[in-house]
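One structure below.
The values are calculated or read from the model by the stated rules, or taken from the named source; none is laboratory data. Here the structure is a predicted model, which means the values were calculated and not measured. Don't worry about glycine lacking a Cβ; one is built from the backbone with ideal geometry, like all the others, and counts go over all protein chains shown. Accessible surface areas use protein heavy atoms only, side chains included; no ligands, DNA or RNA. Shrake-Rupley method; radii C 1.70, N 1.55, O 1.52, S 1.80 Å.
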Amino acid sequence: MSEFEEQVLKGLQSCSINLKSLSSQKSCIGAAVSGGADSVSLLVSLCALCKPLSIPVKVITVNHYIRQESETCGDVEYVRTLCQSLCKEGYDVELTVCELEKGLVGSLADKKEIGIEAAARELRYDAFKKFIEEKKLKCLCLAHNKNDQLETLVMRFLQGAGTESRGGIPQVRGKYVRPLLDIERAQIEQYLTQKKISWRNDSTNNDTSYLRNRIRSELVPLLNERFAGWDKAVLTGAQKAMDDAEVLEGRPFDKLRNPKASFYSLPRALKIRTLLEAANKAGFDTRIPYVFLCDVCDSVDCADNYNRRKVEKRFANMCFILDENGVTVKKSDEVQNEIVFSAIIEKSGFYEIPAGQVFVPDGIEFPVLLRSWRSGDEVQKADGGTKKLSDVFSDWHVSASKRQYIPVVQELKTPEQKIICILGSCLGYKDWIVKNEKV
């Protein structure tokens, strides 16, 4: 057993997965494999660990058809070839390929008013759930690693997430387990290189219009160079947040037997947790900005106010009603009032907007105007042309109710005063940034 495989075994044990017990129960273990280095190392190491115990490894790969067909189908063929190769070497591996209908991800994104990545994730986990049931799996191993965890924690911090989101990626969630979560990406690639096993690279990982990719390619290298030990500090903070969440999760909501007497007397941190859980139970699965939740809580600032007035607060298609009966959270088909905001920005940094915090990047010529978008707005393209913002939002599958929360950055020093940035990351979408090479 190699050092890497020992780490994977330790990760499985941390997830309460005992391979000897699986073997004695004649059970099998599952693995989700995309073809990237992380999931390939997961599959290869699981095979090495399971073969001596005669544990079958059931593999699933999902073709979402959201990238170029040659690339996404190439990933599937790579996984198929890898599994065939492992079978020839004597490993008990069985592959299931889930081919999503072309256009299904985009249709779901439009229907549920969510981004492409969120829609793809929902459909992928639907496939995972069905796979677990059909194969009668004790668990399905996912290949998130330590780098993924750090990137997620930094991203949520930069987006102004509340403490309930700062625990990061859980190691165990139902039948989903992540045995690589304490293993660094460099160790993963070293393991595969030593075994002379190749892997596939997702071309979208190089697209810095995604916040996560910018964190990975620009921020993390800077933190590694200038702030030794930052990763341990971030992970320690995440563990503390996870411990807090484990104690608090669900408790405020469950105790609201008499909402009028209970909700208004809660500390604001517990009010926010209650609102989030109520929104989740009402079927709202999009991230709600922390600053909006604070506004809901602050709109009735003491227990006496609910007898005097009724307050309604809206975000996207969710309506929060606070009155003498306590708080009610429900979906609404009504069109909300238009959100309009603007501010002159003198330098790069974080700024508060109705959707929460947004980061105005460097590489542009200040001052600029940070504002809400308007009908007819066009954004500058790298080739010098322009594109309608409404077309960009359609490409990103941003619903009409959310578009008003996404800020744009407009030049002030040029006669044209072009829009040079769309900062969609505040709501989990891409950022569109055209930098001035002269800056």
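Quickly run through the stretch 418-434 and pick out the residues that are under 13 Å from residue 398 (Cα atoms) and either open to solvent by 10 Å² or more (accessible area, probe 1.4 Å) or of a type in the set (Asp, Glu) (or both).
If the condition is that a residue be under 13 Å from residue 398 (Cα atoms) and either open to solvent by 10 Å² or more (accessible area, probe 1.4 Å) or of a type in the set (Asp, Glu) (or both), then 425, 427, 428, 429, 430, 431 are the ones that fit.
Scan the stretch 379-402 for residues that are surrounded by fewer than 21 Cβ atoms within 10 Å (Cβ to Cβ) and among the charged types (D, E, K, R) and jot them down.
Selection gives 381, 383, 387, 388, 391, 395.
For (1) of a type in the set (Ser, Thr, Tyr); (2) open to solvent by 30 Å² or more (accessible area, probe 1.4 Å); (3) touching a Pro at 6+ places or on another chain (Cβ under 9 Å); (4) within 23 Å of residue 199 (Cβ to Cβ), each residue gets a yes or a no:
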residue: 85; (1), (2), (3), (4): yes, yes, no, yes
residue: 97; (1), (2), (3), (4): no, yes, no, yes
residue: 102; (1), (2), (3), (4): no, yes, no, no
residue: 109; (1), (2), (3), (4): no, no, no, no
residue: 119; (1), (2), (3), (4): no, no, no, no
residue: 132; (1), (2), (3), (4): no, no, no, no
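Could you identify the single residue in 19, 9 that is open to solvent by 20 Å² or more (accessible area, probe 1.4 Å), modelled with pLDDT of 95 or more and of a type outside the set (Asp, Glu)? If you could, list the steps in order and put the result at the bottom.
Values: 19 fails: open to solvent by 20 Å² or more (accessible area, probe 1.4 Å).
Exactly one residue qualifies, and that residue is 9.
Mind listing whichever residues of the stretch 56-103 are aliphatic (A, V, I, L, M), part of a helix (DSSP H, G or I) and either closer than 17 Å to residue 143 by Cα or in contact with a Phe, Trp or Tyr (Cβ under 8 Å, 6 or more places away or on another chain) (or both)?
76, 79, 82
Please verify whether the stretch 54-62 includes one or more residues that are within 30 Å of residue 316 (Cα to Cα) and open to solvent by 70 Å² or more (accessible area, probe 1.4 Å).
Within the stretch 54-62 (the criterion being within 30 Å of residue 316 (Cα to Cα) and open to solvent by 70 Å² or more (accessible area, probe 1.4 Å)), the answer is no, since none of the residues qualifies.
Tell me the residue from 10, 58, 20 that is at negative phi and touching a Gly at 6+ places or on another chain (Cβ under 6 Å), please.
Just one listed residue meets the conditions, 58.
Looking at 367, 415, 407, which is the one that is more than 27 Å from residue 107 (Cα to Cα) and either buried (at least 21 other Cβ atoms within 10 Å of the Cβ) or modelled with pLDDT under 90 (or both)?
When all the criteria are applied, what remains is 415.
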